[in-house]
Amino acid sequence: MTESLYKVITKEELSQFGYALRETGTIYAPVKTSKESHSFKQVDTLTEADLEYHRTMIPPKKFFISPKETIFTFNKEKEEYNETPAVNEPLVLFGVHPCDINALNLLAKVYLESFTDKYYSERRENTTIIGISCTPDEYCFCKSTGTDYAREGFELFLHDIGDRYLVRVGSLKGYNLLQKHASLFREVTEEDLSLYRQAEKKRLASFTKSLEMSGLQDMLDMSYNSPIWEEYGEKCLCCGSCNLVCPRCRCYDVQDYIDLNLNTGQRERKWYSCMLKEHGLVAGGHNFRATSAERLRNRVNCKGSLKEDMTNCVGCGRCSAYCPAGIDYVEILQKIRGDIE
Amino acid sequence: MSKPKLGIFSLTGCGGDQLQILNMEDQLLDLVSRFDIVDFQEGSSRKVDGDIDIAFVEGTVSTEHDLKKLKEIRARSNVLIALGNCAIEGCIQSMRNGETTLSERLKDVYGVEEGFFDAKLSKPITEYVDVEFSIPGCPVEKEETLRGITSLLHGDSPPYYSYPVCVECKLNEYPCVIVEEGKPCLGPLIRAGCNARCPSLGLDCIGCRGPVEGAENFAAEYQMLLDKGYTKQDIMNRLRVFCGELGDDFLGGGDDE
Amino acid sequence: MTESNPLSPMKARITEIQQMTDIEKLIKLRFQNKTDASNFKYMPGQFIKLGVMGVGEAPISICTSQSDEPGLELCIRNAGRVTKALHNLNVGNTIWIRGPYGNGFPMEAIEGKDLLLVAGGLGIAPIRGVLQYALHHRELFGEISFLYGVRCYDLMLFKDEILDYFRHGDEKGVKLYLSYEDESDKVCYDLSCERDDRCTQGMVTKLFSMLDSKSNNSVSLIGGPPIMYKFTVRELEKMGFQPDEVYMTLERRMRCGVGQCGHCIVGTGKSIKYVCKDGPVFTLWDAMNTKGMI
Ligand SMILES: Cc1cc2nc3c(=O)[nH]c(=O)nc-3n(C[C@H](O)[C@H](O)[C@H](O)COP(=O)(O)OP(=O)(O)OC[C@H]3O[C@@H](n4cnc5c(N)ncnc54)[C@H](O)[C@@H]3O)c2cc1C
Ligand code: SF4
Ligand code: SF4
Ligand code: SF4
Ligand code: SF4
Ligand code: FES
């Protein structure tokens, strides 16, 4: 087959495509929910979505690892437990940004590399991801982290090039989707290509925040005893928000609950955060990260480390945008680099 | 095995925590059938002396009589649980401690001198006796209380929340009212467990579940609110309502101004 | 690789319980399902997640070495919620297991070497597995010395075995050295009189002076509380051990055991490790590369 993996769809026809996608699965798209926040919510038509959004407060990882879920229910007398069946409903995530796609790719590695997480893999298989290009705001620095472009991990990617989108195919599933709705798409023209060049130029020029990455890991290591951690630790409320909104954080907690009959109950998994006091606490009372400064240092080091040549931070800006204390992750690292005082 | 003996006691307070237990309509019968209830003021007139396996105590110590009763309960009980924020931190009853003295208050309200009542400065029971566990809330959450009791029956300790309201706020995807509206939310200081009830309505948390154990971030919250333009008085008033004297302690006492 | 949820446990039954000290029990168990039993292959130093439904799970070292006999032995200290619930179980009760997890000690890679084992307190649990393995494959290893530090006789774990090694170890191929902290401990004092070249009052580090000098073909394997590592490592360095000749097993808070939940994280941007998955056994060289490990 020599079919091109690039197509074009007009903005007018996109809503039709959205309509057609309902056959593929339940559609979730970014919807404005408050002054500063968007959320991936179920929509019937794309008109309900705000495709010009900057970021959702909670990233799309919520579709793959639920914020709260029952792993299994148990019955002590019967000496058995029943795993919660994985959700098999097909989903379409419409309008996912490159940072979030890259974050999902890395998250999948954590969940699938050594032990296959049945839930994660089934959910990913049942999901169609349609990416979309974006314009950075004052918190975005994905260009610095190299995650402003999604190479893989999506079915189709829409590049906004004015009154139309350049459509990039990212998987066979995406290719088949295009074939299925072929009448809505057309071939790329020389004009489209030049619009794409312009759009990319404009997008790249609009970043206001940046962070140099080279040598960062060594600088972090040598700053282990830096007063910076105390300085920000004092401001930090240890509320956990930065981790809970981070598309790359994966920490979770597991807890059991028993019913009043003392026989049945369930084991639950919940998102957790390394900024919380008990993250490093062990029996007997020793806490490996007892202070807010130590926990902040751990968080920034975890995010600043590399996973297969990609930093564990995808530059989405959420942690800074949603920190009630106004602590800016990039500012901390700029200080570590000595770029600012 | 004989049923564990359970006592539910009230000192000075609104009785709301006992009421929450009575409100567990669906589980109440099942629950009481698992215990030998030796004392439950709001639920039954039965009173039995002797040792108690598990005692719940709500309210503050506000009179000499309260104190005597508390010490007796402690002496009789194997496990003592502070039920609700009055018992844990003093709650609303202790909110002016450190601001006005008891005799000033008696004079303001009754126009008489101290000594007329056997009144004491309202303090949580934790000021006077050791407690094995506590179940927070003003009033306590039904679900959490039930889980606590169930865990005890199961030979385990009651689950507790070591993290703040913000965690539940984010897990439920509620927008942050500090970030979005600059409201003086106390969520970062306060024990989770209410499923972020106030932020779910777009309201700032006023702290009714009391501060997270060993909260080390009072100063950070205080500074953050000052930076947002709230005055020291605003902030202290807020903190005092449910954080008892802890707010003062963390900020180094009710000093200057 | 398991093709299901890594958090799903296997069923086992308790076959024997021994009260070892006031706070430690040895629990023996056997898998309920034959395939679970035959699939369960482990190395000394690996651990399992041991669970009680309705309470939770705790990481526990397997304190034996794999043998033909089916079943596992675990030495459990009553230290909190889950371990208390484990202590409340009786023979015949069900218990839930996930694992084995972690890397374990590299027994095959260190074949042919002299072994210096150092254990403090509960750290003996994983080290006991190492010793069993080495004695079981005695011809594969050189000299074996085992330093064990206890607070007092009452808190000594595996007393019978330890005393047996103390008195007859040399015939079995292991030299056992014992240290005790409590000066008023009568039993330990008697042991130190019995063999003053093998037992002394003090910290485990005091035993190093009793050792011959390091052979050029030896490795050290350590298990103990966090504070023991710093001092032990100092002694080992003095003896001339290279950083890649020292293996230690670390303890951190753990939830998942499979590298997902993040609780056991350690390190900096340069090197992040998850103790459950990348460890729990690390070399001193790993520790030099990963800040905060010891
Ligand atoms: C690799 C490894 C091997 C271990 N081997 C043994 C052993 O052989 N015998 C033994 O008695 N103990 C061992 N421990 C320590 C044991 O896991 C803890 O004592 C136990 O988890 C305490 O749990 P708890 O619920 O009783 O305590 P709580 O204080 O009630 O802890 C609550 C939860 O915190 C976590 N937690 C607390 N302490 C620890 C800890 N030290 N390590 C990991 N998670 C913790 C657990 O998830 C636990 O469920 C080991 C720990 C690790 C990491
Ligand atoms: S660390 Fe902050 S900027 Fe980076 S991915 Fe996480 S939330 Fe986004
Ligand atoms: S350790 Fe902290 S920063 Fe790293 S994944 Fe966990 S919550 Fe996120
Ligand atoms: S969001 Fe801000 S205040 Fe909250 S834990 Fe993170 S850095 Fe601290
Ligand atoms: S609204 Fe309040 S509780 Fe919620 S995240 Fe913000 S500060 Fe925390
Ligand atoms: S215990 Fe979960 S990552 Fe190590």
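Compute the Cα gyration tensor for the protein assembly as shown, then decide on rounded, prolate or oblate, letting a ≥ b ≥ c be the square roots of its eigenvalues: rounded whenever a/c is under 1.5, prolate when a/b is larger than b/c in the other cases, and oblate in all that remain. Don't jump to the answer; show the numbers that get you there.
Numbers: a/c = 1.67, a/b = 1.10, b/c = 1.52.
In terms of gyration-tensor shape, oblate.
Would you mind checking the pairs C:Lys25/C:Lys49; B:Lys3/B:Lys47; B:Lys3/B:Lys123; A:Lys68/A:Lys307 and listing those with alpha carbons more than 28 angstrom apart? Could the numbers behind the result be given before it?
Numbers: C:Lys25/C:Lys49 17 Å; B:Lys3/B:Lys47 16 Å; B:Lys3/B:Lys123 33 Å; A:Lys68/A:Lys307 26 Å.
Cα-Cα > 28 Å for B:Lys3/B:Lys123; rest within.
Can you tell me the FRET efficiency between B:Leu29 and A:Ala86 if r is taken as the Cβ-Cβ distance and R0 is 56 Å, rounded to the nearest 0.05? Could the numbers behind the result be given before it?
Details: r = 37 Å, r/R0 = 0.66.
My answer for the efficiency is 0.90.
For helix B:232-243, report the angle its Cα long axis makes with the longest principal axis of the Cα atoms of chain B; keep it between 0 and 90° and round to the nearest 10°.
10 degrees
On a C-alpha basis, how far is the centre of the stretch B:132-152 from the centre of the stretch B:34-102 in Å? Whole number, if you could?
Value for the Cα centre distance between the two parts: 15 Å.
Over what distance in Å are the Cα centres of the stretch A:42-105 and the stretch C:219-294 separated?
Answer, in whole Å: 35.
As a check on your grasp of the helix formula, calculate [θ] at 222 nm for the protein assembly as shown: sum -39500 (n - 2.57) over DSSP H runs of n ≥ 4, divide by the residue count, round to the nearest 500. Please report the intermediate quantities before stating the final value.
Values: 32 runs with 278 residues, N = 892.
That calculation yields -8500 deg cm²/dmol at 222 nm.
What is the dipole size for chain B, taken about its Cα centre, with +1 at each Lys and Arg Cβ and -1 at each Asp and Glu Cβ, in debye to the nearest 20?
520 debye
Find out how many positive minus negative residues lie around A:Ile340, taking Lys and Arg as positive, Asp and Glu as negative, among other residues whose Cβ is under 14 Å from that of A:Ile340.
Working: positive: A:Lys209, A:Lys335, A:Arg337; negative: A:Glu212, A:Glu231, A:Asp328, A:Glu331, A:Asp339, A:Glu341.
Once all neighbours under 14 Å are counted, the net charge is -3.
Take A:His286, project a point 7 Å from its Cα along the Cβ direction, then tell me which residues of the stretch C:225-242 have their backbone nitrogen under 11 Å from it.
Of the residues in the stretch C:225-242, C:225-230 have backbone N under 11 Å from the label point off A:His286.
Pop the C-beta distance of A:Leu172 and A:Asn75 into the FRET formula with R0 = 30 Å and round what comes out to the nearest 0.05. Write down the numbers at each step before the final one.
Numbers: r = 43 Å, r/R0 = 1.42.
Once the sixth-power term is evaluated, E becomes 0.10.
Between 0 and 90 degrees, rounded to the nearest ten: what's the tilt of helix C:124-136 against the longest Cα principal axis of chain C?
Orientation of helix C:124-136: about 80 degrees from the principal axis.
What is the angle, in °, between the Cα long axis of helix C:159-172 and the longest principal axis of the Cα atoms in chain C? Nearest 10 is fine, range 0 to 90.
That works out to roughly 60 degrees.
Need one value for B:144-150: mean number of C-beta atoms belonging to other chains within 10 Å of its residues' C-beta atoms.
Working: counts 0, 0, 2, 4, 0, 1, 8.
Across B:144-150, the average partner-chain Cβ count within 10 Å equals 2.
Which of the lysines could a cross-linker span from A:Lys201 if the Cα-Cα distance has to be under 23 Å and same-chain partners fewer than 8 positions apart are dropped?
Answer for A:Lys201, where 23 Å is the Cα cut-off: A:Lys7, A:Lys11, A:Lys143, A:Lys209, listed by chain and number.
Among the lysines, which have Cα under 24 Å from the Cα of C:Lys238 when same-chain residues fewer than 8 positions away are ignored?
C:Lys113, C:Lys175, C:Lys206, C:Lys214, C:Lys230, C:Lys291
Only sites in a loop by DSSP and with at most 10 other Cβ atoms within 10 Å count here; which chymotrypsin sites (Phe, Trp or Tyr not before Pro) in the stretch A:92-170 make the cut? Each step should come with its number before you reach the end.
Details: sites: A:Phe94, A:Tyr111, A:Phe115, A:Tyr119, A:Tyr120, A:Tyr139, A:Phe141, A:Tyr149, A:Phe154, A:Phe157, A:Tyr165; in loops: A:Phe115, A:Tyr139, A:Phe141, A:Tyr149, A:Phe154.
Sparse-neighbourhood loop chymotrypsin sites (Phe, Trp or Tyr not before Pro): none present.
Do you know the relative contact order of the stretch A:216-337, to the nearest whole percent, from alpha carbon pairs under 8 angstrom that are 6+ apart? Intermediate values should be presented prior to the final figure.
Details: 155 pairs, mean separation 39.9, N = 122.
For the stretch A:216-337, the relative contact order is 33 percent.
In terms of the Cα gyration tensor, with a ≥ b ≥ c the square roots of its eigenvalues, is the stretch B:1-127 rounded because a/c is under 1.5, prolate because a/b exceeds b/c, or oblate?
Numbers: a/c = 2.58, a/b = 2.06, b/c = 1.25.
It comes out prolate by the Cα gyration axes.
Since every read-out is calculated from the coordinates, none of them should be taken as a lab result. Predicted model, so just to flag it, every value in this text is computed and none were measured. Quick reminder, even Gly has a Cβ in these numbers, built from the backbone with ideal geometry, and neighbours come from all protein chains shown.
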